[in-house]
Amino acid sequence: MNKHTSPRNLKQSIRSSLKNRSQKPLPSKVNTGRAVHARDLRASEWPDFDQRRSDITQKRQAAIDYLDELHARLRSKWLENGIVVHDALDAAEAREIITGLLRDRGIIEVLKSKSMLSEEIEINSHLEATGISPLETDLGEYIVQLRNEAPSHITMPAMHLFRQDVGKLFAERLGVPYTETPAELTAHARKVLRQRFLSARAGMIGVNFAVAETGHLATVTNEGNGRMVSTLPPLVIALMGWERVTETLQDLGELWQILARSATGQRATSYLSLLQGPAKSSGRPNEVHLVVVDNGRKAIHRNHETREVLRCIRCGACLNVCPVYQQVGGHPYGGTYPGPIGSVLTPLLNNPKEAPDHPFASSLCGACEEICPVSIPLPRLLLMGRKQGVESRPPLSPERVVWSTFQSVMTGRKKYEAATRLARLVQKTLPEKLLPIPGWTDHRDAPQLAAKPFRDWFREEHEEGES
Amino acid sequence: MPRVSLFIPCFVDQLFPETGKATVELLRRAGCEVSYNPEQTCCGQPAFNSGFHHETRQLATKFLRLFADSEFVVAPSASCVAMVRTHFGDLGLEPQMQMEWENQRNRVYELSEFLVDVLGVLPETGSFPYRVAYHSSCHGLRELEIHAQPMRLLHSVRDIDICELQDRNACCGFGGTFASKFSSLSAAIGEDKLDAISRSGADVVTATDDSCLMHIQGLAKRRGLPIRSMHYARILIGEKLA
Amino acid sequence: MTYSPSLDRLKSVLQEVDTELIVTTRQMFPEVFHSWLEQNGVLSVAVGSDALLGELDVKQMAQDQKVGIADLSIHDSELHDADRWHQILAGTDAGITSAIGIAEETGSVLLIPHSPDERAISLLPPIHLIVLEQSKVVPDIATLIKRWQDVGAEGSNVFVTGPSRTADIEKELVLGVHGPMTVTVILLG
């Protein structure tokens, strides 16, 4: 049901997004600006923020490095606590497992709390095709579901919308009188969803972290919908990325706090839910089924050059500061995850050939790395993605010829000086074009090659007298 | 007397020789002996930026050999210095070159950090009676932590009026080959930077990198705005605005 | 070992997460509680089986004010009907619980889940009241977690920081989404 643009169409999607802008100011600039402001305020409250971030980064990397051991501990805790664990190799397998669980129990509706992983495995359209309704309960997800759209941000699904858009949507789809006040719109959603929570037979949650120490499944939320769908229904399905493991409850506390500060500028979110398992005697939930999803994560893990991207805690801060994301929002990226983290993950989770342009859709400004709470070197990973892209192409691609020539010219002083002399002559006839950079003059005037380059000036000046 | 080997990046050499000239002048005023080896060409950043590591390795090797005996290598370009100090190590150079890089990277500096942090000198400046906004080029800011140094130098310029630039740390959108591969996007980001510069009331925008500046200038010219861009070295020596 | 909380700081932190803090004594509690019931228009409550609430006899106090009790024991029979219990809770004005502790740095409260059915007491009624002793105030989340680890860290639980909220529309804060809309903390000195 959710429409994902293909990652292959990144360039075209970006171009259309730029062409079809109707609103200035852009929601993608305004809303992310507010998020960054809130984040900066909270980050500054920790006088030792950099140290704390560094400690959290180390702990997170250690957890990633020891995932197999932590999983072994988790499995035994989960067994003890009555959680039924299913391992899904890929998205298709995850979909089958989830659909099977619901179908076997005759359940025709499942209430979902926010889960980007559930987007990644594209569960919603699959369930609908088998006659089961997935109902999003997170306000932002509920909104984009009504619009038949994919979420445009990792933590703020309706980032691309202004209040008027939501007002129109609710008036049309819920039949309520038009309002654009967020409080009133939220009240409508609360009303619509309340009875659904109470009568739900199944809930689906995204697990932010599983804690090896106790086996708890931790979910970070603000709205209370996560609690609703993991407290009230008889069946709870928890969805978890293979790498989302932390060792201790104390580590979880640190991760929770830095996640809250980075994602929404809060000291703590309204809720940190810890689900240990089904009720031991009577009460809800009767069953907790956990689906642990690989879908490319193990391959990322095996490669030491890419492994550190698994530290990501899905806070979305990198999106908020990214100049590219701010211009075009999340939808043009295609895939599941937009922004800098998406540009690294999409080629890795899918086939890199499905997303050849993602590593290049960045000015490498480094704002993402600067804000990342777990210090992921995103620009470096993007550069590596570029290198891998080049290495997977045929050896004599047109671009390779360009760079071979470039290298050859630059390696020899004589060649360089000859080439630049030639360029000077050519520019006399084509002053508008900045030849080596195609596309430059579509939007910008070209600089002129100086009549006398620096090297000539220095040589002359040196010959004239002393240096 | 500190002996400085100049590194003048290819595009500065060919497009902005005034930046090079101003750099020489400033270093001399700071009491340095300045040399320039004309065998130099490029640090390889454009090829690296595009994912062509093999080609970049050749140029990195050439650079490292060229400057092997230099006491200090100074360049008026933060992005090129970041390339040398940070990214040469990611290229998979052969062990001997890798060692040479470990050795040399501590001697390669961007101009402002060399003057302020290494020499501890504020060279005598000319007069620059104009309103100037400083844009923090990303590589300098985030990879080399250069920000205070150019500001200190600019503040020491006679008659200058430094304007507050909103979102000073926001990327200008140049991004090297990004400007070509994602040309409209690069321009859109630059337009926002240009709007901020306009709002600041500045006559001139400056930075540590002529690459950013050429992108901003190109956009300004296309839009017909009278904003000029100039590397801060030229401001420091009091170059006359045409 | 005992922490001297800054009640001023706690009050201001709780204010920032839209939570009212009432500091009182055990002696004054009945009066404060009755007053709170009235001010919030509470006509029915669900009370958790936390030891402190039993000691204070909160249920009795509520009944004295003619406030209805949504009692789990009525439903805790052989015919345990969770759906019915949830409907009852959803129609109850306020849920009252105590807590393992409250963190001064963030205003977060860690609840004491006595049974799966009690998890919904702090979730379904639109008002959540937390009553706890001043000795339960700790400086930060790390200490709060430690307190829980000291008693085994068992069971499904939740850290609550203020009422439910969202900023999904233009990043404008709205209080009261699916979880409670009002949260009050009564601290007994």
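Rule-based calculations on the coordinates, nothing more; no lab input. Everything numeric in this text was worked out from a predicted model, so none of it was measured. Reconstructed Cβ throughout: ideal geometry from the backbone, glycine too, with neighbour counts over all protein chains shown.
Please give the net charge around C:Gly176, taking every other residue with its beta carbon less than 9 angstrom from that of C:Gly176, where Lys and Arg add +1 and Asp and Glu add -1.
Details: positive: A:Arg190, C:Arg165; negative: none.
So the environment of C:Gly176 carries a net charge of +2.
Counting alpha carbon pairs within less than 8 Å and at least 6 residues apart, what relative contact order, in whole percent, applies to segment B:131-236? Mind showing how you got there, number by number?
On the way: 165 pairs, mean separation 34.5, N = 106.
Reported relative contact order: 33 percent.
If you split all Cα-Cα distances of the protein assembly as shown into 10 Å bins from zero, what percentages do you get per bin, shortest first?
Pair shares across the bins are 2, 12, 20, 21, 17, 12, 9, 5, 2, 0, 0.
Return the FRET efficiency for the residue pair A:Asn351, A:Asp50: r is the Cβ-Cβ distance, R0 is 41 Å, and the value is rounded to the nearest 0.05. If you can, show how the numbers build up before the last one.
Values: r = 37 Å, r/R0 = 0.91.
Efficiency, from the Cβ-Cβ distance: 0.65.
What's the average, rounded to a whole number, of partner chain beta-carbon atoms within 10 Å of each residue's beta-carbon in B:139-148? It would help to have the intermediate numbers written out before the result.
Details: counts 4, 0, 4, 8, 4, 0, 0, 0, 0, 0.
Shielding by partners across B:139-148 averages 2.
Over 19 Å between C-alpha atoms is what I'm after, so list which of A:Lys59/A:Lys114; B:Lys193/B:Lys221; A:Lys24/B:Lys193 land there. Could the numbers behind the result be given before it?
Working: A:Lys59/A:Lys114 26 Å; B:Lys193/B:Lys221 14 Å; A:Lys24/B:Lys193 15 Å.
As for pairs spanning more than 19 Å Cα to Cα, those are A:Lys59/A:Lys114.
Just need log10 I(q)/I(0) for segment A:151-308 at q = 0.21 Å⁻¹, Debye formula, equal scatterers on the alpha-carbon atoms, no solvent, rounded to two decimals.
-1.38
Taking 8 Å as the Cα distance limit and 6 or more residues as the minimum spacing, I'd like the relative contact order of chain B as a percentage. It would help to have the intermediate numbers written out before the result.
Details: 418 pairs, mean separation 50.2, N = 242.
Here the relative contact order equals 21 percent.
Using θ = phi - 60° and the Karplus curve 6.51 cos²θ - 1.76 cosθ + 1.60, what whole-Hz ³J(HN,Hα) does each residue of segment B:59-72 get, with Gly and Pro shown as x?
Result, ordered by residue: 6, 5, 4, 4, 4, 5, 5, 4, 9, 4, 9, 7, 6, 9 Hz.
Rounded, prolate or oblate: which one fits segment C:7-188, using the alpha carbon gyration tensor with axes a ≥ b ≥ c (rounded when a/c is under 1.5, else prolate when a/b beats b/c, else oblate)? The partial results should precede the final answer.
Working: a/c = 1.28, a/b = 1.22, b/c = 1.04.
Here segment C:7-188 falls in the rounded category.
Give or take rounding to whole Å, what are the principal axis extents of the alpha carbon atoms in chain A, in descending order?
Cα spread of chain A along its principal axes, largest to smallest: 96, 55, 47 Å.
Search the structure for amide H atoms under 5 Å from the amide H of A:Val110, placed 1.01 Å from N in the peptide plane, and list their residues when 5 or more places away or on another chain.
A:Ser133, A:Leu135
5 Å is the cut-off here: which amide hydrogens, built 1.01 Å from N in the peptide plane, fall below it relative to A:Leu290, excluding neighbours closer than 5 in sequence?
When sequence neighbours closer than 5 places are left aside, the close amide H contacts are A:Val84, A:Val85, A:His86, A:Ala238.
With both bridge residues required to lie in the protein assembly as shown, what share of the DSSP beta bridges run antiparallel, to the nearest 5%?
Values: 18 of 86 bridges.
That works out to approximately 20 percent antiparallel.
When you look at the Cβ of every residue in A:246-254, what mean number of other chain Cβ atoms sits within 10 Å? Provide the component values of the computation, followed by the final result.
Numbers: counts 0, 0, 3, 6, 5, 1, 2, 10, 3.
Across A:246-254, the average partner-chain Cβ count within 10 Å equals 3.
Roughly how many Å is it from the Cα centre of segment B:41-107 to that of segment A:227-253, as a whole number?
Spelled out, the Cα-based centre of one part sits 47 Å from the other.
Read phi for every residue in segment A:384-401 and hand back ³J(HN,Hα) as whole Hz from Karplus 6.51 cos²θ - 1.76 cosθ + 1.60, θ = phi - 60°, with x for Gly and Pro.
Values, residue by residue: 5, x, 5, 5, 5, x, 5, 5, 8, 8, x, x, 10, 5, x, 5, 4, 4 Hz.
If packing is taken as the mean number of other Cβ atoms within 10 Å per residue, what is the order of A:84-90, C:23-29, A:288-294, A:158-164, highest first?
Details: A:84-90: 15.6, C:23-29: 14.0, A:288-294: 23.1, A:158-164: 20.9.
Per-residue mean Cβ counts within 10 Å order the peptides as A:288-294, A:158-164, A:84-90, C:23-29.
Along each principal axis of its Cα atoms, how long is segment A:115-204 end to end? Whole angstroms, biggest number first, please.
Cα spread of segment A:115-204 along its principal axes, largest to smallest: 34, 29, 20 Å.
Which of rounded, prolate or oblate describes segment A:307-353 when judged by the alpha-carbon gyration tensor and an a/c cut-off of 1.5? Numbers along the way, then the final one.
Values: a/c = 2.32, a/b = 1.22, b/c = 1.90.
Since a/c reaches 1.5 but b/c is at least a/b, the shape of segment A:307-353 is classed as oblate.
Could you tell me the extents of segment A:398-464's C-alpha atoms along the three principal axes, largest first, rounded to whole Å?
43, 27, 17
I want the antiparallel fraction of DSSP beta bridges within segment A:7-299, as a percent rounded to 5. Could the numbers behind the result be given before it?
On the way: 7 of 32 bridges.
Within segment A:7-299, antiparallel bridges account for around 20 percent of the total.
Report the far tail of the P(r) of chain B, meaning the percent of Cα-Cα pairs longer than 31 Å.
Numbers: 5986 of 29161 pairs.
Cα-Cα pairs in chain B separated by more than 31 Å: 21 percent.
Mind pulling the angle between the C-alpha long axis of helix A:339-349 and the longest principal axis of chain A? Nearest 10 degrees, somewhere in 0 to 90.
80
Return, ordered by residue number, the residues of segment C:119-134 whose backbone nitrogen is under 19 Å from a label point located 7 Å along Cα→Cβ of C:Leu7.
Hits in segment C:119-134 for C:Leu7 at 19 Å: C:130-134.
Considering the zone a paramagnetic label at A:Glu80 would reach in this model (a point 7 Å from Cα along the Cα-to-Cβ line), which residues of segment A:228-257 have amide N under 17 Å from it?
Residues A:246-250 qualify, since their backbone N sits under 17 Å from the label point.
At C:Lys66 and A:Gln195, where each label point lies 7 Å from the Cα along Cα→Cβ, what is the point-to-point distance in nanometres?
Rounded to a tenth, the inter-label distance reads 3.2 nm.
Using Cα pairs closer than 8 Å and at least 6 residues apart in sequence, work out the relative contact order for segment A:398-464, in percent. Please report the intermediate quantities before stating the final value.
Numbers: 23 pairs, mean separation 12.0, N = 67.
Relative contact order, segment A:398-464: 18 percent.
Calculate the FRET efficiency for C:Leu43 and C:Glu133 from the Cβ-Cβ distance with a Förster distance of 25 Å, rounded to the nearest 0.05. The partial results should precede the final answer.
On the way: r = 27 Å, r/R0 = 1.10.
With R0 = 25 Å, the Cβ-Cβ based efficiency is 0.35.
For an R0 of 45 angstrom, estimate the FRET efficiency from the Cβ-Cβ distance between B:Arg158 and A:Lys415 and round to the nearest 0.05. Display every interim value, and only then the final one.
Values: r = 43 Å, r/R0 = 0.96.
About 0.55, to the nearest 0.05.
I need the phi-derived Karplus couplings for segment A:90-95: 6.51 cos²θ - 1.76 cosθ + 1.60, θ = phi - 60°, integer Hz, Gly and Pro marked x.
Here the 3J(HN,Hα) series is 8, 4, 4, 5, 4, 4 Hz.
Averaged over peptide B:16-27, how many Cβ atoms belonging to another chain are found within 10 Å of each residue's Cβ?
Neighbouring Cβ atoms belonging to other protein chains average 3 per residue here.
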